[in-house]
Amino acid sequence: MLVGTRKGAFVFTSKDGRRSWKASGPQFLGKEIYDIVYDRRNKLLLASVHDGHWGPSVARSYDLGKSWKISNPPKFPKEGKDSVQRVWNITPGAESEPNVIYCGVEPAMLFRSDDAGENWKVNDSLLNHETRPKWTPGGGGLCMHTILVDEGDPKNIHVGISAVGTMNSKDGGASWKFQNKNVFVDFLPDKYPEYGTCVHKIVRHRERPDVLYQQNHNGVFRSDNDGEDWKDIKNNLPSKFGFPMAADSNDPKRVYVVPLEGDFSRVTPDNKFAIWTTDNSGKERYPLTRGFPKPAYFEVLREGLATDSEDPGGVYVGTKTGQLFASRNHGNSWSLVSGVLPEILSVSASSI
């Protein structure tokens, strides 16, 4: 498990089938780690590091965090007015492109590295998109927080931007189109705008790349045609609002969400902490609560929920108040890994 917090990064490892965990860290003590991921293609750790004095950067480690090197950070062209405020997301590319890595930043923009994160190049098509001057930020800023690369077709890329919505490129980023059809917005006069929706997270399963799921400010949605249109699948969830979402590693019909009361009160409904899941692509959902404390007033941020690639699948969740929980059976039961971490900004998991 790789855990990014408001005060550094932590690495948790297990050698006994995920029954117990050993912690190391913090790395980058006192720095904000918005995302930390493992690139299995290159056996490489990548971390988004935000320094209050020096600003944002991407750090790399080839020895599981024992030593780090800061790469040349993503930067906007000098002739423009934008500057990178933070790196929200780091996403390794497809297996067929082993040195390609993407990152999403604030203000919302996509960068690509062709040398495993050493150097970064801005996506010119998005930078010069005709609608970009009209993009407006969500409560957390104008951030690109989600990047999805189709493993079977690396030129098929989806990005999620708050509060702009979903965009898709079929040509590797040379051109982009909005994909927000049927996504409801309650805070705009036009309730179904071309752009201006507040997507919070988008996921897909590798076996069903044409099926996308999104947690939105105004609901939970599914697309069965690669994002061309969306269907609201909130159904029996206790709230339409939430931030994180994760796809199960074994079952493409199973996804996990963490409903929150709303933007007015970002704690779990009825003070009952639960990860909600579905086994049928969102038609029905049920809560996973075994092992969580009761009552619990937890908040989970958009990168605070993750799954691994094991069978049975592991699920991991970190809270804003520093509790880290793990499940090694698809979320059917949970154990507390740590209750003393700083505010958790991101969680990811991978086999080494």
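The values are calculated or read from the model by the stated rules, or taken from the named source; none is laboratory data. The model shown is predicted, which means the values in this text are computed figures rather than measured ones. Positions of Cβ are generated from backbone atoms using ideal geometry, with glycine treated the same way; all protein chains shown enter the neighbour counts.
The table that follows gives values for the structure above.
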{"read-out": "Test: residue in segment 125-137 that is within 25 Å of Leu2 (Cα to Cα), out of contact with any helix residue (DSSP H, G or I) (no Cβ under 9 Å at 6 or more places or on another chain) and surrounded by 15 or more Cβ atoms within 10 Å (Cβ to Cβ)", "value": "no"}
{"read-out": "Test: residue in segment 75-95 that is surrounded by 15 or more Cβ atoms within 10 Å (Cβ to Cβ) and in contact with a Leu (Cβ under 7 Å, 6 or more places away or on another chain)", "value": "yes"}
{"read-out": "Residue in segment 24-44 that is among the small types (Gly, Ala, Ser), closer than 23 Å to Ser125 by Cβ and either surrounded by 13 or more Cβ atoms within 10 Å (Cβ to Cβ) or modelled with pLDDT of 95 or more (or both) present", "value": "no"}
{"read-out": "Residue check, Tyr34 aromatic (Phe, Trp, Tyr) and either within 15 Å of Val105 (Cβ to Cβ) or in contact (Cβ under 8 Å) with a residue 60 or more places away in the chain (or both)", "value": "yes"}
{"read-out": "Selection count, segment 206-237, where residues are within 19 Å of the chain's Cα centre (by Cα), of a type outside the set (Ser, Thr, Tyr) and within 15 Å of Val257 (Cβ to Cβ)", "value": "10"}
{"read-out": "Selected residue (criterion: farthest from Asp251 (Cα to Cα)) from residues of segment 269-313 that are crowded, with 23+ Cβ neighbours inside 10 Å and in contact with an Asp or Glu (Cβ under 7 Å, 6 or more places away or on another chain)", "value": "Glu303"}
{"read-out": "Selected residue (criterion: farthest from Ile157 (Cα to Cα)) from residues of segment 185-205 that are β-branched (Val, Ile, Thr) and over 14 Å from the mean Cα position of the chain (by Cα)", "value": "Val185"}
{"read-out": "Cross-chain or 6+ apart pairs with Cβ under 7 Å, segment 1-22 first and among the hydroxyl-bearing types (Ser, Thr, Tyr), then assigned to a strand (DSSP E or B)", "value": "Thr5/Ile33; Thr5/Ile344; Thr5/Leu345; Thr13/Lys22"}
{"read-out": "Qualifying positions in segment 57-112 - of a type in the set (A, V, I, L, M), over 17 Å from the mean Cα position of the chain (by Cα) and not in a loop (DSSP other than H, G, I, E, B)", "value": "Ala59, Ile70"}
{"read-out": "Lys15, sole failed condition from (1) surrounded by 14 or more Cβ atoms within 10 Å (Cβ to Cβ); (2) more than 26 Å from Lys121 (Cβ to Cβ)", "value": "(1)"}
{"read-out": "Qualifying positions in segment 103-134 - in contact with a Leu (Cβ under 6 Å, 6 or more places away or on another chain) and touching a residue at least 60 places away in the same chain (Cβ under 8 Å)", "value": "Leu110, Gly117"}
{"read-out": "Some residue of segment 25-42 being assigned to a strand (DSSP E or B), among the β-branched types (Val, Ile, Thr) and touching a Phe, Trp or Tyr at 6+ places or on another chain (Cβ under 7 Å)", "value": "no"}
